[in-house]
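Student: Have a look at the structure that comes next, please.
Every number in this text was worked out from the coordinates using simple rules, so none of it is lab data. These figures come from a predicted structure and were not determined experimentally. As a convention, Cβ positions derive from the backbone with ideal geometry for all residues, glycine included, and neighbour counts pool all protein chains shown.
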Amino acid sequence: MAEYVSGRLRLEAPSGLSDAEIRVLPAMPLHAITSVYGEAGLGQRLLIEIAALPAADRRRVDLACTFMSLMHADDRRQREPYANHPLRVAIRILSHYRVRDPDVACAALLHDTVEDHAADFAAGTPQGALRALARMFGARTAGLVEAVTNPAWGPGRDRDEQYREHVAASLEACPWARVIKASDFTDNAVGLFHTSGPKLARLAGKYRPLVPVLRELVLRPDTPLDPGVKDKIAAQLDDAEDRFAAILR
């Protein structure tokens, strides 16, 4: 890992937040933390969520966070650093979904690294990048990242249609990937509140047809979430569909 991550671990570094500000973080919605404290606040919230994990698992999640931050250092997502998005995806899984699986937490943090930055590490190809992630974070983490990574676009294919087909097929085969995609999708749906211009309608049109597919997959018996969590996600997906419909009207 030292090949990619050097110096002090990201979550161990001082955040600049006071003790009182850190104590209030667990009570704040994730997008409120983003607005008030930015990436530093999200990093502290992640640190709170992994505090009860064994030391080796905390270190691995911390290294995944460091690596993700390095890969997305120059990326932007509308009005915020892109790294905020995978941080929220991971925190939502740990906190709201009550999952305490370090492999899943690492995969959530890394879920866009191969799709967006395969050329920046390893052999410069998606498969080379996945092999590098397997060496750094374990085969299961890399497999989960692969399950939520979009393939190269097929010539002549509609990009959004291919995206939805890939999501449905990969989540059918990998129940734990459904957990990551549910958090990712929820964050994208909420993020539309912070999107403007032509991109708003385009993203609503891309995501809306996937809502019933994802809802059905999340509610399946083999999806590894508590029933109450599944119901909460289903309700959030219903809200997202209403939001998409309103935008497209």
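Student: Given the DSSP H assignment, sum -39500 (n - 2.57) over each helix run of at least 4 residues in the chain and divide by its residue total; what's the result at 222 nm in deg cm²/dmol, nearest 500?
Tutor: Details: 13 runs with 162 residues, N = 249.
The per-residue figure over the chain is -20500 deg cm²/dmol.
Student: For Rg and Dmax of the Cα atoms in Å, several values are listed as [x] 23.2, 84; [y] 17.5, 55; [z] 18.2, 56; flag the one computed from this structure.
Tutor: Matching entry in [x] 23.2, 84; [y] 17.5, 55; [z] 18.2, 56: [y].
Student: Please report, in debye to the nearest 20, how large the charge dipole of the chain is about its Cα centre when each Lys and Arg carries +1 at its beta carbon and each Asp and Glu carries -1 there.
Tutor: Computed charge dipole of the chain: roughly 140 debye.
Student: Under the 0.36 nm per residue contour assumption, what length would be gained going from the current alpha-carbon distance of Leu200 and Asp74 to full extension?
Tutor: On the way: separation 126, 0.36 × 126 = 45.36 nm, distance 2.27 nm.
Stretched fully, the Leu200-Asp74 segment lengthens by 43.1 nm.
Student: Given a 10 angstrom Cα cut-off, can you work out which residue in His111, His31, His85 is the most mobile in a GNM of the chain?
Tutor: The residue that fluctuates most here is His31.
Student: Sticking with this one: Just how large is the dipole of region 147-249 about the Cα centre, in debye to the nearest 20, putting +1 at every Lys and Arg Cβ and -1 at every Asp and Glu Cβ?
Tutor: 320 debye
Student: Span-like helices, the chain: DSSP H, alpha-carbon axial extent 30 Å or more, mean Kyte-Doolittle -0.5 or greater, which ones?
Tutor: Numbers: long enough: 227-248 (31 Å, -0.12).
Span-like helices, by this rule, are 227-248.
Student: Packing-wise, with mean Cβ within 10 Å as the measure, how do 16-23, 41-48 rank, highest first?
Tutor: 41-48, 16-23
Student: So which residue, out of Ala234, Ala108, Ala201, gets the largest mean-square fluctuation from a GNM of the chain using Cα contacts under 10 Å as springs?
Tutor: Highest fluctuation among the options: Ala201.
Student: When the chain is fully extended, how far beyond the present Cα-Cα distance does Ser95 get from Asp116, taking 0.36 nm per residue of separation?
Tutor: 5.0 nm
Student: When ranked by the protection proxy of mean other Cβ atoms within 10 Å per residue, highest first, what sequence do the peptides 50-57, 133-140, 218-225 form?
Tutor: Packing proxy ranking, top to bottom: 133-140, 218-225, 50-57.
Student: Separate question: Would you please give the FRET efficiency between Arg135 and Arg249, computed as 1/(1 + (r/R0)^6) with r the Cβ-Cβ distance and R0 = 41 Å, to the nearest 0.05? Show your work: numbers first, answer last.
Tutor: On the way: r = 48 Å, r/R0 = 1.18.
FRET efficiency, Arg135 to Arg249: 0.25.
Student: What Kirkwood Rh does region 154-249 have if only Cα atoms enter the pairwise 1/r average? Answer in Å. Please list the in-between numbers first.
Tutor: Numbers: mean 1/r = 0.0722 Å⁻¹.
About 13.9 Å, per the Kirkwood formula over Cα pairs.
Student: What residue among Thr66, Leu200, Pro86 has its Cα farthest toward the positive end of the dipole of the chain, where the charges are +1 on Lys, Arg and -1 on Asp, Glu, each on the Cβ?
Tutor: Of Thr66, Leu200, Pro86, it is Leu200.
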